[in-house]
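Contents: one structure, followed by commentary.
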Amino acid sequence: MTQPKNFGFGEEAALLKESARKFFGENFPTDMLHNMVAGDPTPERMSDCHWNSKLWQQMVDLGWTVLAIPEEQGGVGMPAVAVAGLVEELGRAAFPCPLLPTLSATYILTACGSGGAAALEEIADGSTATLVMVNQQGSWTCTDTPLVETEGKLSGTAWYVQEARKVDRLLVCARSDVGYSLYWVDSDTKGVTISPDAIVDLTRDQAHIHFDQVQVTPVNSNAMAVLEEAFPAIWTLYAADMVGAAEWQLQTTVEYVNARQQFDKPLGFFQAVKHPLVNVMVEIDEAKSLVYNAACAIDSEPEKARQYAHMAKASASDAAAFASNRSVQFHGGIGFTWECFLHLYFKRQKHSQILWGDGPWHRAKLADVLLGEVA
Amino acid sequence: MSESDRKDTSEQADFRQHARDWLVANPVAEPGERLPQTPLEIMTEGQLGYLQAWQKAAYDAGLVGCDYPEEVGGGGRKDCQRVANEEMMRAKTPFMPNVIGLGMAAPTVFYHGQEALKQRLLPRLFSGEDIWCQGFSEPGAGSDLASVQTFAERKGEKWVINGHKVWTSLAHFAEWMIILLRTDKSHKYEGLSYFVVPIRAELGNSVTVRPLIKITGETGFNEVIFDNLEIDDSYRLDELGKGWQVAMTTLLHERGAGELVTPRSGGLKSKSSHANNTSSLIELARNTVRNGATAAQDPLLRDRIMQMVIREKAFEFSQRRSRVPALQDHPMRLPLQNKLIMSEIAQENASLALDVEGAGATLYLGDENAPAGGQWPLSYLNSFGFTIAAGTSEVQRNILGERVLGMAKSK
């Protein structure tokens, strides 16, 4: 199969991206974000879960959580490039909400076939969900899941669960008698204990979740194949979030170095400042092209989706780290303070960079595809 | 699947079929001697003759100058040069020798020359019969191009040129030169004018071409000294004092950011030629043994090779994204990155290849035991030509920082 010249990024996708940008710009400027999430600078603070659930409800009403669900299952059936465009704007706004985990869940549930239909219907009705799969060592491989299901009862503790306090459903991957299966669990089911983590990122929440003999029925009993199919979309969306956030970091920093004067010149006059910011732009543009290519592959070149998504997530993770680093450095003293908004993006980027595989992790996987695995 | 298979217009589709058919029916013979890696290192008449014959054949088949009007020797088509390039790339035809002519002189003459001049010069430029060179840099004017001092003094309808140009690729074979000259010493930018000058006929008299030897050991670029060369005023492009604006047209196209797509051909056909890309790098890594396993199995090298693959792919996809306005923040943001990224990817790729080769990377072209015929050390050395020429990477970063990101000018 071949990709269309414009990545399949048509008028509808452009409108969605534009309206998302407007939505965040008008409803949730960065100072509002800072007021909401950065009230307590104490390093030992317990993570609060600050977010604007009223705005979130508007996003749900706009249909943003069901964009990727096929029409015949109650969704909008937008192509992945359109979803990536929306998520780029989400990242630019660093908006705290369960959109990424819920969109991720829709890709997984769609890949589940008929078993995922009931859960997708709940999301179409406004439910939100997050993937529960990772062990305490932070393995992104589903066969390392710390959870076990025997005779319909789920046990164990899973870690690094995203937006756990914002969602109402858990999409759980556990080892079962038949291999690895996926389960759809209400987060307030008896036996489920959500323990929030104290995390660096102020725009997200994260938890570890203990399951004590929780009664479950599988939605799919071939989790390895399902996740293999869905992960390219998940990696690509996290990469899109980082590209949007990095663009905010770049533009904010450029604005600052154009305004701030030292030695009778704006900082941007000096090549020690100007050239690294150009390098940040180049890295963002590389990541961005890789993101839209990977998203387009999900829509129209599925046999390449996996390798292109590895490229996108690796590139975006590195670009995010670089943009974060330079943005704080070039703001000088003010960039090192809590009151400057930069740290919100710096921390969100670090979180996104790590989640579902950082640069080296994705390059190692890509090398297995392109160079063959090392015995 | 490749870029070329993405949807064509009907004109492009017909033209693609024509190009494909012609390329199959007219395979190019192997060269009689080792070809250099790029046209900028053509050293012998034999190399030049072989490559000129290829360019002429391609021009006669309509694969060169496709998007220029027929009146100036072009194909009169719309957005077909890209198609021709893709098909020549696919057919692995040799590169074209008149690279300065096609990439820089042609668009500049086309946008700024008088009609009669275009009709006279462009057909023989496209066919490769007239080789062109570019007289911009001088010993005292490199990154600060507008400080050129080579002077044209008006004498009636004539101009008399005196001065010294340098780094002039292909001048030793060139019939014509595009040249940036000072016509007024009292204004830096408005004192510049732009001409085309015939240099071949005056060689040894008022024009001296002296070859310079590159760090690779190859020749290909020269210094050119003008000692009272007289030319006609009809060779001026655009108005007097507009030289800097005309030079911007040249530079924009040289950096791959111009309106007209440059005719480009593969250069990968001959066994002796060498592709500095990640496919060659991966092949090298698979065939190089280090510490008892292949380099392709070394975890550190795998990571670095994947970084190269990712950058190379990103560049390819950025070309596609640059034609989707909805996915761009600034219209020149991607085009102005082309030259910087292309040249730096080539440099990093060759440098990594040397790390993959290990001890073998000490061996050069003349050593029969050199891996890949010693081409990788040549590629790495040669790569600096591209990060320096046509505006150094540092100048490119100034341009991007100032024109795209709006930061204060560094001059």
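The values are calculated or read from the model by the stated rules, or taken from the named source; none is laboratory data. Just so we're clear, the structure is a prediction, and the values are computed from it rather than from any experiment. Neighbour counts are summed over all protein chains in view; Cβ atoms, including those assigned to glycine, are modelled from backbone coordinates with ideal geometry.
Residue-level check: of (1) among the aliphatic types (A, V, I, L, M); (2) within 14 Å of chain A (Cβ to nearest Cβ); (3) within 20 Å of the chain's Cα centre (by Cα), B:Ala326 misses just (3).
Residues in the stretch A:53-86 that are part of a loop (DSSP other than H, G, I, E, B) and touching a helix residue (DSSP H, G or I) at 6+ places or on another chain (Cβ under 6 Å): A:Leu67, A:Ala68, A:Ile69, A:Gly74, A:Gly75, A:Val76, A:Gly77, A:Pro79. Scanning for something closer than 30 Å to B:Pro325 by Cα and either part of a loop (DSSP other than H, G, I, E, B) or in contact with a Ser or Thr (Cβ under 9 Å, 6 or more places away or on another chain) (or both), does the stretch A:35-52 turn up at least one residue? For the stretch A:35-52, residues closer than 30 Å to B:Pro325 by Cα and either part of a loop (DSSP other than H, G, I, E, B) or in contact with a Ser or Thr (Cβ under 9 Å, 6 or more places away or on another chain) (or both): absent. Looking only at the stretch B:167-197, count how many residues are assigned to a strand (DSSP E or B) and of a type in the set (Phe, Trp, Tyr). Count: 3.
Going residue by residue through the stretch B:263-275, is there one that turns out to be away from chain A (no Cβ under 14 Å) and more than 21 Å from the chain's Cα centre (by Cα)? Yes: one or more hits. The residue pairs whose first member lies in the stretch A:273-295 and is more than 14 Å from B:Leu340 (Cβ to Cβ) and at the interface with another protein chain (Cβ under 7 Å from one of its Cβ atoms), whose second member is of a type in the set (D, E, K, R) and assigned to a helix (DSSP H, G or I), and whose beta carbons are closer than 6 Å, counting only pairs six or more residues apart or on different chains, are A:Ser289/B:Arg321. In the stretch B:236-252 there is no residue matching the filter, namely being assigned to a helix (DSSP H, G or I) and within 14 Å of chain A (Cβ to nearest Cβ).
Residues satisfying the criterion are absent from the stretch A:56-65 (criterion: surrounded by 15 or more Cβ atoms within 10 Å (Cβ to Cβ), farther than 21 Å from A:Arg169 by Cβ and of a type in the set (Phe, Trp, Tyr)).
Here A:Thr30, A:Thr42 are screened, and the one residue that is closer than 23 Å to A:Trp64 by Cβ, away from chain B (no Cβ under 11 Å) and among the β-branched types (Val, Ile, Thr) is A:Thr30.
I need a count of the residues in the stretch B:392-411 that are part of a loop (DSSP other than H, G, I, E, B) and surrounded by fewer than 21 Cβ atoms within 10 Å (Cβ to Cβ). Within the stretch B:392-411, residues that are part of a loop (DSSP other than H, G, I, E, B) and surrounded by fewer than 21 Cβ atoms within 10 Å (Cβ to Cβ) number 6. Residue count for the stretch B:306-323, restricted to those that are under 22 Å from the mean Cα position of the chain (by Cα), more than 7 Å from chain A (Cβ to nearest Cβ) and part of a helix (DSSP H, G or I): 4.
The number of residues in the stretch A:1-27 being at the interface with chain B (Cβ under 7 Å from one of its Cβ atoms) and modelled with pLDDT under 95 comes to 5. Would you say B:Glu218 is of a type in the set (D, E, K, R), more than 20 Å from B:Val160 (Cβ to Cβ) and either in contact with a Pro (Cβ under 6 Å, 6 or more places away or on another chain) or in a loop (DSSP other than H, G, I, E, B) (or both)? Answer is yes for this residue. The set of residues in the stretch B:371-388 being in contact with a Phe, Trp or Tyr (Cβ under 9 Å, 6 or more places away or on another chain) and either among the basic types (Lys, Arg) or within 25 Å of A:Val280 (Cβ to Cβ) (or both) consists of B:Ile388 alone.
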